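Structure record follows, encoded as C-alpha cells.
The values are calculated or read from the model by the stated rules, or taken from the named source; none is laboratory data. What you see is a predicted model, and the numbers here were worked out from it, not measured in a lab. We place every Cβ from the backbone using ideal geometry, glycine too, and count neighbours over all the protein chains shown.
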Amino acid sequence: MNKLLVAATSAIALLGCSETPSPADLVVTDAVIYTQSDSREVVESMAIRDGEVVWIGLSENAAQYIGESTRILDLDGAPVYPGLIEGHGHLSGLGSALVTLDLSSATTWSELLSIVERAEHETEPGEWIVGWGWHQSKWSDDFEMVAGFPVHHQLSEITPDNPVYLAHASGHAALVNERAMMLAGITSTTEVEGDGIVVKFDSGEPTGALNETAAQLVEPLAYPATVETAVANIVRAGEFAITQGITSFHDAGASIAELEAAERLASEGRLPVRVYTMISGSNEAMLSNWLSRDPLINGYDRFLTVRSIKAYGDGALGSRGAWLLEPYTDAPDVTGMPIMPMGDIHELARRALAAGYQLNVHAIGDRANREVLDRFEQSLREANVPNHRFRIEHAQHLHPDDIERFAELGVIPSMQTIHMSSDRPWAIDRLGEQRIEEGAYVWADLLSSGAVIVNGTDVPVEPINPIANFFAAVTRQTLLGTPDGGYEPAQKMTRQQALDSMTRAPAYGAFEEHFKGQLSPGFVADFVVLSQDIMTVPDDQILATEVTMTVIDGGVRYER
C-alpha cells in the first residue's frame, strides 16, 4: 500500500453495512487519489454512479461496487486529483485566441513584425489580422516608443491592405495599424472619455497605441460580437481546457452574446466544462436584466451558474494603468487610474447584495485594492449580508495595511500565481524593491491571515496551464526556473495550499463547495489523472507533468 494512504479510510462506514450497494458505473482502482476532503485523506479507490462519487476507500474493498456493466479503471498507481478549476479566465477570449496570432513568444519588436508579416502573406486584402499576447517589457531590441508603447509606422508599412488589431498581453491595451485607425475613424482629434487613452505623437497624430478602454474603438470591428461566434469560441475553449485538466471555469466578465451562447450550449448539453459566469458590470442593460430576476444557480445539470458581476477598479501593471498610492518607480509622473468611479463600485455592491449576487472587482494596484475594499466595507456595513463572498480579482499589489482586511471582511482574493512568474522580472521596475517585497503577490501573508485564495491563469492573458500555475505557486520562479530559491520565497504556497487554491478554494469562491472541489461521496465525479504526482516530485520536475486523463460527470472526456 502506498505510504501516503490514510489508514482510516479502510474503516469506511459502508464496510460495516449489511446491505449490498448497487453496482457503480465506474470504479477507479490502484490509484493515489487526493480526495481534498476536509481531512485531505488520500485513498486508493473510488466508485462512481450517475456522475457522482458514491464511495472512497481501499482497492481491496471496491469489489462490492463492481457489477456486470461496471467499468473498471485500473490506474497502476497514477495520481488522481479533483477536477482542476480555472478560477479566473475569459472563456470566449480563449477560444478566440486559439485561432488568432499568438504573439506571446515574441522576444523582440522585430520578431512580432515578422509574425504579422507572415500572416499578411496568407490573408486576403481587406481582411482583419488579429493577434494577442505582446508585451513590450519582454522585448530585448530597440524600437520607437511613445508613452511606453510601440508606434504603428513599421506595422502599417508591412500591412497596407489589411486592418490590424494586436491585443496587449494584459488585455488592457492594443496596437493597431493605419488602416484599422482609418476604419475606426481615429484621428488627431479623437479623444476617449474616462480612463481610455489614444496615445499620440507630439504632433497630435495617433501612434496606433490604444490604452485601456480606448481599445474599444477598434476591438468590435476586429472581433464581431455575435452569438454564433461566441458559441464556436466557447466550444473550442472548453474542449482545449479539458486537455489541460480543467473541468470548471470561472468566466470573468461575459457579454450578452457570450452569455446567450453559454446558455444555448448548456441547454443542449454541449457545454464542455462547468461554467461559473460573471456578468459584465459595464453593460447596464444586461446588468439590469439579470438583477431584476433570481440568479441562475447550478442550472442545466450543474453546468452553468450566473450569480456574479464583474467590474473593473483599475487597469494593468504592464500598461501602467494599475492605480497606485504612490507614482510608478519607472514613471514618476504616473499613478495609474480608476476605470470605474469608486462611487459606482459602491452602488454596484449595494445592488448586488440586494439582488443576491456576488460582486467581483478587478483591482491590481494598491490604491485600487484599498478603494475597492473601502467600498465593499461600506456596502457590507449597510446591508449586513454575512455570506456575500465578494471577490477582488487579481489583488496583485497591496499596501501592507490592507492585507488582513480581506479575511476580516470575508473578501476573497482571486489571484493568478502564474502572473508572478511572468511579471515579477519586470514588475520590480514598475514598483521598486520595497513595494514588491511588502505587498506584491503576497500569497503566504493572505493565507496566514485567514483569506481564501482562488487561483487561476487569466487566460488568454496567460496560457491555461494549471501545472505551470502550480509550479509558480510553490517555487515563485519563472518557468525557466529562475531565480534559485524563487522571488520573495517567504510568500510561497505549500503544495497543499496550491492544490487547495485550484480545487476547494475556487469551488468556495463560486458557492459550489457542497458538490465540487473534492472527491468525496455526494460530490461530482470530476477528476484529472496526471503523469506524475505534483505533490511529491522535486520542484524541478513539476513542469514535466502531463495530463493523461480528464473525467467530467464520470465520463472520460480526454485521454492522452
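Of note:
- Single condition Thr159 does not satisfy, out of (1) surrounded by 14 or more Cβ atoms within 10 Å (Cβ to Cβ); (2) at pLDDT below 95: (2)
- Selection of region 168-220 for residues being more than 26 Å from Trp323 (Cα to Cα) and hydroxyl-bearing (Ser, Thr, Tyr) yields Thr187, Ser188, Thr189, Ser203.
- Annotation note: Cβ proximity below 8 Å between a residue of region 213-224 that is of a type outside the set (A, V, I, L, M) and a residue that is crowded, with 20+ Cβ neighbours inside 10 Å and part of a helix (DSSP H, G or I) (sequence gap 6+ or interchain) occurs for Tyr223/Ser96.
- Residue tally, condition out of contact with any helix residue (DSSP H, G or I) (no Cβ under 6 Å at 6 or more places or on another chain), under 26 Å from Asp344 (Cα atoms) and surrounded by 20 or more Cβ atoms within 10 Å (Cβ to Cβ), over region 182-212: 3
- Considering only residues in region 69-89 that are closer than 19 Å to Gly555 by Cβ and of a type outside the set (A, V, I, L, M), the one that is surrounded by the most Cβ atoms within 10 Å (Cβ to Cβ) turns out to be Pro82.
- In the set (1) surrounded by fewer than 21 Cβ atoms within 10 Å (Cβ to Cβ); (2) over 26 Å from Glu193 (Cβ atoms), the condition left unmet by Val334 is number (2).
- In region 36-83, counting only strands (runs of 3 or more DSSP E) that sit wholly within it, the ones holding 1 or more residues that are of a type in the set (Gly, Ala, Ser), touching a residue at least 40 places away in the same chain (Cβ under 8 Å) and not assigned by TED's automatic domain parsing to the domain that holds Ala525 span 52-57.
- Within region 19-39, the residues that satisfy the criterion of being polar (S, T, N, Q) and either closer than 15 Å to Arg504 by Cβ or exposed (fewer than 14 other Cβ atoms within 10 Å of the Cβ) (or both) are Thr20, Ser22, Thr35, Gln36, Ser37, Ser39.
- Some residue of region 362-380 being within 21 Å of the chain's Cα centre (by Cα), of a type outside the set (A, V, I, L, M, F, W, C), at pLDDT 95 or above and surrounded by fewer than 23 Cβ atoms within 10 Å (Cβ to Cβ): no
- Residues satisfying the stated conditions in region 394-435, i.e. surrounded by fewer than 20 Cβ atoms within 10 Å (Cβ to Cβ) and either within 15 Å of Tyr328 (Cα to Cα) or not assigned by TED's automatic domain parsing to the domain that holds Ala311 (or both): His399, Trp426, Ile428, Asp429, Gly432, Glu433, Gln434
- Selected residue (only one of Leu409, Leu398 is without any contact (Cβ under 8 Å) to a residue 60 or more places away in the chain and within 20 Å of the chain's Cα centre (by Cα)): Leu398
- Any chance Arg320 is buried (at least 18 other Cβ atoms within 10 Å of the Cβ), of a type in the set (Lys, Arg), touching a residue at least 40 places away in the same chain (Cβ under 8 Å) and at negative phi: no
- Unique match (being farther than 21 Å from Phe511 by Cβ, assigned by TED's automatic domain parsing to the domain that holds Met337 and within 17 Å of the chain's Cα centre (by Cα)) among Glu260, Glu239: Glu239
- Listed conditions (1) in contact with a Ser or Thr (Cβ under 9 Å, 6 or more places away or on another chain); (2) surrounded by fewer than 24 Cβ atoms within 10 Å (Cβ to Cβ) are all met by Val235, apart from (1).
- In region 90-99, residue surrounded by the most Cβ atoms within 10 Å (Cβ to Cβ) [restricted to those that are in contact with a Pro (Cβ under 9 Å, 6 or more places away or on another chain) and part of a loop (DSSP other than H, G, I, E, B)]: His90
- Filter result (without any contact (Cβ under 8 Å) to a residue 60 or more places away in the chain, within 21 Å of Pro224 (Cβ to Cβ) and either within 26 Å of the chain's Cα centre (by Cα) or assigned to a loop (DSSP other than H, G, I, E, B) (or both)) within region 116-154: Glu122, Thr123, Glu124, Pro125, Gly126, Glu127, Ile129, Gly131
- Among the residues making up region 272-308, a single one is within 17 Å of the chain's Cα centre (by Cα), over 30 Å from Gly554 (Cβ atoms) and surrounded by fewer than 24 Cβ atoms within 10 Å (Cβ to Cβ): Ser280.
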